[in-house]
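Nothing in this text is a laboratory measurement; each read-out follows from the coordinates by a stated rule. Predicted, not measured: the structure shown is a model, and the values here were computed from it. Cβ sites come from the backbone with ideal geometry, for glycine too, and all protein chains shown count toward neighbours.
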Amino acid sequence: MLAVGDASRVELWCCNFGFHLRLRCMEGFMRKLNLRSMDIEGLLALRSQVDERLSTQRKELEKQLATLAPKNGRTDGHRTRRRVAPKYRSKKDPRLTWAGRGMTPRWMRDEMKAGQLKKEAFLIK
């Protein structure tokens, strides 16, 4: 059975015969535990210790990420993008515009095929 203080020294690793745990001891030697031979109470205690260790590591990593956060005030991971002015406008419906980025819109392809037009014909002047 592991003590509560041992949670910082637990590593989970996989071998051909199943999952085992390694305890990193202060002296530097490794001790292996076979999960299959542990009873339910021992596994539940070990699970709670691993969960505790993972939550402390997560908090530490979140603190490190907070220091690396962008200076624009957004911390949700999204970049703010500028809206690009449209370059092309539909001949049939002037509300339909396209900035010229990405795939050619369907309305433009249809109008180009119908009237044998090129992209330059739709440029906004």
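The table below lists the values:
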{"quantity": "Karplus-derived 3J(HN,Hα), 6.51/-1.76/1.60, for each residue of the range 109-125, Hz, glycine and proline x", "calculated": "4, 5, 5, 5, 6, 5, x, 6, 9, 10, 4, 4, 5, 9, 4, 7, 9"}
{"quantity": "Residue order, fewest to most beta carbons within 10 Å, for Arg82, Arg53", "calculated": "Arg82, Arg53"}
{"quantity": "FRET efficiency, Lys92 to Gln116 (Cβ-Cβ, R0 22 Å, nearest 0.05)", "calculated": "0.90"}
